[in-house]
Amino acid sequence: MRVKFSYCKNGDFGIMPTSEIKFFDAQEFGGKKTIKFKDLEKKQNEYTKFLITAIMEDFPEEKMVQDFLNEVNKVAQGKINETYWDGQSFQHKITRDKVSFEHTIFGICEEYPEWSCHFDEYKAVLELWGEFLEMKPSLRNEVAVEV
């Protein structure tokens with residue numbers, strides 16, 4: 001998975017943050033088959049709807065990201081078993097294995113079923129978002145990570 005944050009020009013709002021996420025078809029390496037995603041578009045939409053939206057909406061300031069990364073790192077180091085973030089869009093439940101998201105307003109419903117991603121994916125995207133927020137808004141600025 002490759003995640004990129006950059007800026008785009010919006011006629012009504014000026015320069016705005018935007019994101020892009022891509023998954024790549026897994027291939028066969030050395031006789032070992034890796035997972036091939038049948039519907040990459042669906043997977044990309046889910047990750048955008050939950051992971052990317054949650055991080056971009058729930059952490060609008062770089063200081064918020066850095067403060068919460070301290071808690072996330074405690075989970076990574078095994079100092080605590082889990083931590084939570086009650087965001088404007090989603091509630092984040094973080095454990096070493098996975099991060100679960102529940103919509104803050106609608107809860108678990110047909111439009112927003114409970115969804116989760118791997119801990120390492122969440123941490124990498126949150127760190128990337130923090131790095132992006134440190135940058136001056138410019139159409140030339142972008143950051144990316146492969147997880």
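The values are calculated or read from the model by the stated rules, or taken from the named source; none is laboratory data. Note that the structure is a prediction, hence the values are computed from the model and not measured. Because the Cβ atoms are built from the backbone with ideal geometry, glycine has one as well, and the counts that use them run over all protein chains shown. Accessible surface is based on the protein model in full, side chains and every heavy atom, while ligands, DNA and RNA are left aside. Shrake-Rupley method; radii C 1.70, N 1.55, O 1.52, S 1.80 Å.
A few points about this structure:
- Test: residue in segment 48-60 that is part of a helix (DSSP H, G or I), buried (at least 16 other Cβ atoms within 10 Å of the Cβ), of a type in the set (A, V, I, L, M) and touching an Asp or Glu at 6+ places or on another chain (Cβ under 8 Å): yes
- The selection criterion, being modelled with pLDDT of 95 or more, surrounded by 12 or more Cβ atoms within 10 Å (Cβ to Cβ), β-branched (Val, Ile, Thr) and farther than 22 Å from residue 1 by Cβ, does not hold for residue 94.
- Residue match in segment 106-115 (condition: open to solvent by 100 Å² or more (accessible area, probe 1.4 Å), without any contact (Cβ under 8 Å) to a residue 12 or more places away in the chain, more than 20 Å from residue 43 (Cβ to Cβ) and not basic (Lys, Arg)): yes
- Every residue from segment 67-88 that is touching a strand residue (DSSP E or B) at 6+ places or on another chain (Cβ under 7 Å) and in a loop (DSSP other than H, G, I, E, B): 81
- In segment 89-104, the residue that is farthest from the chain's Cα centre (by Cα) out of those that are in a loop (DSSP other than H, G, I, E, B) and among the polar types (S, T, N, Q) is 104.
- Screening residue 130 with (1) small (Gly, Ala, Ser); (2) closer than 29 Å to residue 8 by Cβ; (3) free of Cβ contacts under 8 Å to residues at least 12 places away in the same chain gives one miss only, at (3).
- The number of residues in segment 105-147 that are part of a loop (DSSP other than H, G, I, E, B), within 22 Å of residue 86 (Cβ to Cβ) and touching a helix residue (DSSP H, G or I) at 6+ places or on another chain (Cβ under 9 Å) comes to 1.
- Residue match in segment 19-27 (condition: open to solvent by less than 70 Å² (accessible area, probe 1.4 Å), in contact with a helix residue (DSSP H, G or I) (Cβ under 9 Å, 6 or more places away or on another chain), at pLDDT 95 or above and of a type outside the set (Ser, Thr, Tyr)): no
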